[in-house]
Structure formats: structure tokens, C-alpha cells
Amino acid sequence: MIELLTSEDITKIFELFKADKPEPKTELIAPNDFTLLISVVLSAQTTDKSVNKATAALYAAADTPEKILALGEDALREYIKTIGLYRVKARHVIALCQMLIEKFDSRVPLERTALESLPGVGRKTANVILNVLAGELTMPVDTHLLRIAPRIGLSDGINPKQVEQDLLKRIPESYLTHAHHWLVLHGRYVCTARKPRCEDCLIAQYCKKNGVST
């Protein structure tokens, strides 16, 4: 049984996150809107660190849909072969670039239906792009959020869509611009999967610690 936080404690938690890191950013390194989209697509089921390591050379060589398309799928695979599922991702990126050129004038569309029509772009990726580039109050749910939202007591959802809906409903709107960044960073560095660092956690006094052995 998941024990949920009160609305008052949720506000206190996000005030602590805000005080600790007022302007959290994505850790993906991308020189423009297009490359950010590519990096988010590449980050599925792998770490931002590994994506950044692979894309540093890629973006130095090709940072537009036309340039990546000109590379071709084989050359693209060579750049990203250290990333998990790189063969499938290379295929998606090439198809995505083709569609951006043909349908969207080589620009990243900032509308959900259009984004989700792109190869390799699902709901989570669309949410990231809409939040970071358009400032929309979205909640991208990755493995970190799926794990820590129930653990903290922010959601009792068991799949990404349920957790997303819970967080959008329960987190006050004034925090939603940055909420997913705060939670991702918390899950990545403090509330880790195998051994959460509760002793170093700034929200430990409010966290419900669901499923955490003490």
C-alpha cells in the first residue's frame, strides 16, 4: 500500500527543491533545438552522460537534419555505437530527419501531435521537448520518476501515464516548469534505485519511503 503525501507536504518538498536548485536544467548537452530533440531520442534506456559523450563528435560534424541525413545511417551508427540500442536509434534518427525536412521545414514542431508523429518520439520525449523548448507544464516520466514518485509518496501509479497524471494533478502549478528536472536529478543522484541516500536527502523528513527498508 502506497502512503501518499499531503498537499501541504508536497508544497514543502518543492520549496526545498527550489531553494536548493532554483533553475534546474537538462543535463543533455545540445547546441540547438534540433540536437536537443535528437539527444532526448537517443537517451531512451541509457544515461545522459553516455549520450553526451557520443554526441559531442556527432554534433561537431552534423547539427542539422540535412547534415545528419547526409551522413547516412551507417556513419551515424559509428558516432552513436556506444549508446544502447544504437542500431534502432540510428534508423529512427535518419527517418526523423527526413520527416522534419519534408513536413516541418527542418524545424522542431512544438505541438504534441506533430512531435509524436516523428519516428522515435514517444510521449516522454514529446513532454521533454514541450517543457524545455516551449515552457509547457508537462511531466516527462522516465525510469527515475516511475521509481521515485511512489517511493516519495507523490503518486501511487504503476505506469508512466498514471504517474504523469498524478504528478500534474498533485504538484502545484507554480512548480511544474521545473518539477520534472528536480525529480530526475533527485532520482539520479540521491534517491537511487539500489541504495537511496536517505542520509543526504534534503526531503527526507517528508518522504514516505514507500518500499525502502530502514
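All of the numbers you see were taken from the coordinates with simple rules; none came from a lab. All of these numbers come straight from a predicted model, not from anything done at the bench. Glycine gets a Cβ as well: all are built from the backbone with ideal geometry, and neighbour counts include every protein chain shown.
Just to check I understand the Karplus step: with θ = phi - 60° and J = 6.51 cos²θ - 1.76 cosθ + 1.60, what whole-Hz values come out for region 17-31, glycine and proline as x?
Residue by residue, region 17-31 yields 4, 5, 5, 6, 8, x, 10, x, 10, 4, 8, 6, 9, 9, x Hz.
Starting at the first residue of region 139-145, write each ³J(HN,Hα) from the Karplus equation 6.51 cos²θ - 1.76 cosθ + 1.60 with θ = phi - 60°, in whole Hz, x for Gly and Pro.
Whole-Hz 3J(HN,Hα) from phi for region 139-145: 9, x, 10, 9, 4, 5, 5.
Tell me, what ³J(HN,Hα) does each residue in region 184-194 have, in order and in whole Hz, if you take phi through Karplus 6.51 cos²θ - 1.76 cosθ + 1.60 with θ = phi - 60° and put x for Gly and Pro?
Once rounded to whole Hz, the list reads 4, 5, 5, x, 6, 10, 10, 8, 6, 5, 7.
Relative to 2.2 N^0.38 Å, what does the C-alpha radius of gyration of region 33-134 come to as a ratio? Two decimals please.
On the way: Rg = 12.3 Å, N = 102, 2.2 N^0.38 = 12.8 Å.
Ratio of Cα Rg to 2.2 N^0.38 Å: 0.96.
Express the C-alpha Rg of the chain as a ratio against the empirical globular expectation 2.2 N^0.38 Å, rounded to two decimals. It would help to have the intermediate numbers written out before the result.
Numbers: Rg = 18.2 Å, N = 214, 2.2 N^0.38 = 16.9 Å.
Compactness ratio reported: 1.08.
Could you state the number of Å between the C-alpha centres of region 28-52 and region 163-210?
22 Å
Leaving out same-chain residues fewer than 8 places away, which lysines sit with a Cα under 18 Å from that of LYS21?
Hits, sequence-local ones excluded: LYS12.
With a cut-off of at most 14 other beta carbons within 10 Å, and DSSP calling the residue loop, which trypsin sites (Lys or Arg not before Pro) in region 1-64 qualify? Please list them. Spell out each step's value before the answer.
Numbers: sites: LYS12, LYS18, LYS25, LYS49, LYS53; in loops: LYS25.
Within region 1-64, the qualifying trypsin sites (Lys or Arg not before Pro) (loop, at most 14 other Cβ atoms within 10 Å) are LYS25.
Within 10 Å of each residue's Cβ, count the other Cβ atoms and sort CYS97, CYS198 from fewest upward. Don't jump to the answer; show the numbers that get you there.
On the way: CYS97 25, CYS198 14.
Going from sparsest to densest Cβ surroundings: CYS198, CYS97.
Over region 123-214, what lengths in whole Å, largest first, do the semi-axes of the equivalent ellipsoid take, defined as the square roots of 5 times the eigenvalues of the alpha-carbon gyration tensor? It would help to have the intermediate numbers written out before the result.
Values: eigenvalues 100, 34, 29 Å².
Three semi-axes, in Å: 22, 13, 12.
Cα-Cα over 18 Å: which of LYS161/LYS209; LYS89/LYS124; LYS18/LYS49? Mind dumping the intermediate values first?
Details: LYS161/LYS209 22 Å; LYS89/LYS124 16 Å; LYS18/LYS49 24 Å.
In this structure, LYS161/LYS209; LYS18/LYS49 exceed 18 Å between Cα atoms.
Which of ASP156, ASP200, ASP166 ends up with the largest GNM mean-square fluctuation for the chain, with Cα atoms connected below 10 Å?
Result for the chain, Cα springs under 10 Å: ASP200 fluctuates most.
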